[in-house]
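Engineer: I am attaching a structure below and will ask some questions about it afterwards.
Since every read-out is calculated from the coordinates, none of them should be taken as a lab result. Here the structure is a predicted model, which is why all the values come from computation and not from measurement. With ideal geometry, Cβ positions are generated from the backbone for all residues, glycine too; neighbour counts draw on all protein chains shown.
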Amino acid sequence: MPQSHPPYSRVFGVDHLVCKGHVTFAAADEGDIYYNGATTADYPGFIATATEMEVVSDQAADAVGSTGALEVTVTGLDADYALVKEEFAMAGATAVAGTVEFLRVLKAEVSDVGTGEVNAGNIQVREVDNVPVMAYIPAGEGRSQDCVLTVPAGYTLYVAHWQMSINALTTMESYYMTRKYDAGGWRRHTGYAYLGGQQSHEAISPFWHPKVTEKADVRLRVAVGAAAKVAGYVAGILVAN
């Protein structure tokens, strides 16, 4: 079984794969649970070729020797869909380039901090010398806010629970989608909630868990009828093949 560190967690001796995040829509819209500091429709991180990442803040205080984020750890998958991670010593608004190649970024979190105890600014994890923001840590939140994941090579994910909630009295159609490795398009798994509230699904029997094969992608999506903030997560049991 994989090591028990993010994005894995170990509960009662069982490995889990979890993603969670939030997104704010300025008007009626549809998109992934993926926050990058601006309105966005789709997560851009399902890239085709593994590449190095760079990490940068919009505040000088997020730098070694200052008061904000001193270090950020990025966890993801390499070109072979094996788990990798890299630690970045922060340099404020100057981008710090890494050396590890990522095909997927599963999580970014502040792993060391100064006296301010949180990241002072908004921190981006992005491809070196490229535009796509693969993960985004909002100021003061300490970890990336996106609900997308990819199953590591050699494992199967059984989705046990997914949930979304909305802070506005408007319609919400929520669903997650899966895409098998090298096997065509996305498959939709739908649930609905109307006029605010919460939408969730929990598989209480192992036989009911939706099965997601190795190297497959998962994304949590929502359509809202008006301006709203939506939060959600997906959690599943990770089993070695």
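Engineer: Give me the net charge of ARG187's neighbourhood, meaning all other residues with Cβ under 10 Å from the Cβ of ARG187; Lys, Arg count +1, Asp, Glu -1.
Structural biologist: So the surrounding residues net to +3.
Engineer: Turning to a different aspect of this structure: Under 15 Å from the Cβ of LYS211, count the other residues' Cβ atoms, weight Lys and Arg +1, Asp and Glu -1, and hand me the total.
Structural biologist: Summing Lys and Arg as +1 and Asp and Glu as -1 gives +2.
Engineer: Another question about this same structure. Going 7 Å from the Cα of THR213 toward and past its Cβ, which residues in region 118-154 have a backbone nitrogen under 19 Å from where you end up?
Structural biologist: Counting only backbone N, you get 149-154.
Engineer: A further question follows. Identify which of the listed values of Cα extents along the principal axes in Å was calculated from the structure shown: [x] 50, 43, 35; [y] 59, 42, 32; [z] 66, 52, 32.
Structural biologist: Comparing each candidate, only [x] matches the computed number.
Engineer: With a Förster radius of 25 Å, plug the Cβ-Cβ distance of THR24 and VAL118 into 1/(1 + (r/R0)^6) and report the FRET value to the nearest 0.05.
Structural biologist: 0.80
Engineer: Using Cα springs under 10 Å in a Gaussian network model of the chain, which residue among THR170, THR156, THR115 shows the largest mean-square fluctuation?
Structural biologist: THR115
Engineer: Another question, then. Calculate, for ALA183 and ASP42, the FRET efficiency according to 1/(1 + (r/R0)^6) with r their C-beta to C-beta distance and R0 22 Å; round to the nearest 0.05.
Structural biologist: With R0 = 22 Å, the Cβ-Cβ based efficiency is 0.65.
Engineer: Within a Cβ distance under 14 Å of GLY31, other residues only, what is the Lys/Arg minus Asp/Glu net charge?
Structural biologist: That works out to -3.
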